[in-house]
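What follows is a single structure, written as structure tokens, with notes after it.
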Amino acid sequence: QVQVVESGGGLVQPGESLRLSCAASTIFFSIYTVAWYRQTPGRQRELVASMPRDGSTNYADSVKGRFTIARDNAKKRVSLQMNSLKPEDTAVYYCNVAGSNSNYWGQGTQVTVSS
């Protein structure tokens with residue numbers, strides 16, 4: 001069973017930065033698409049950023065220019081650098097590792113942006 005574990009959430013003030021990290025226990029990590037999603041109460045989980053195996057990136061319009069996704073295939077880790085955080089970025093953030101026949105989620109980490 002593949003395990004996906006996030007870390008790095010917390011409480012920050014508007015304008016500050018936070019870096020989320022995710023580790024996945026799969027030998028096939030390098031061929032998977034990695035992504036970060038977020039969810040707030042009463043709303044559907046939404047894609048924040050993704051990076052397929054070719055290293056290209058895709059971002060939600062709301063985070064473009066502020067968030068950066070990165071992956072380290074050797075360490076089987078994916079990160080999300082979040083800068084210039086806004087209160088509307090408050091959510092539970094989930095790491096996702098997915099292939100054509102596989103889809104793995106972490107347990108989520110809370111990010112709260114508040115003054």
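The values are calculated or read from the model by the stated rules, or taken from the named source; none is laboratory data. This is a predicted model, so every value here is computed, not measured. As a convention, Cβ positions derive from the backbone with ideal geometry for all residues, glycine included, and neighbour counts pool all protein chains shown. We work out accessible area using only protein heavy atoms, side chains counted, and drop any ligands, DNA or RNA first. Shrake-Rupley method; radii C 1.70, N 1.55, O 1.52, S 1.80 Å.
Is there any pair linking a residue in segment 38-50 that is closer than 12 Å to N96 by Cβ and among the hydrophobic types (A, V, I, L, M, F, W, C) to one that is assigned to a loop (DSSP other than H, G, I, E, B) and at pLDDT 95 or above, with Cβ under 8 Å and at least six apart or on different chains, and which?
L47/A60; V48/A60; A49/T57; A49/A60
Give me a count of the residues in segment 58-108 that are surrounded by 13 or more Cβ atoms within 10 Å (Cβ to Cβ) and in a loop (DSSP other than H, G, I, E, B).
Result for segment 58-108: 12.
Identify the residue in segment 34-57 that is in a strand (DSSP E or B) and out of contact with any Phe, Trp or Tyr (no Cβ under 8 Å at 6 or more places or on another chain) and, among all such residues, is surrounded by the most Cβ atoms within 10 Å (Cβ to Cβ). Steps first, please.
Let us first name the residues in segment 34-57 that are in a strand (DSSP E or B), namely 34-39, 46-51.
Narrowing the set further to residues that are out of contact with any Phe, Trp or Tyr (no Cβ under 8 Å at 6 or more places or on another chain) leaves 34-35, 51.
Values: V34: 27, A35: 21, M51: 19.
So the residue we want is V34.
Can you tell me which residue in segment 6-17 is nearest to L80 (Cα to Cα), limited to those that are open to solvent by 30 Å² or more (accessible area, probe 1.4 Å) and part of a strand (DSSP E or B)?
S7
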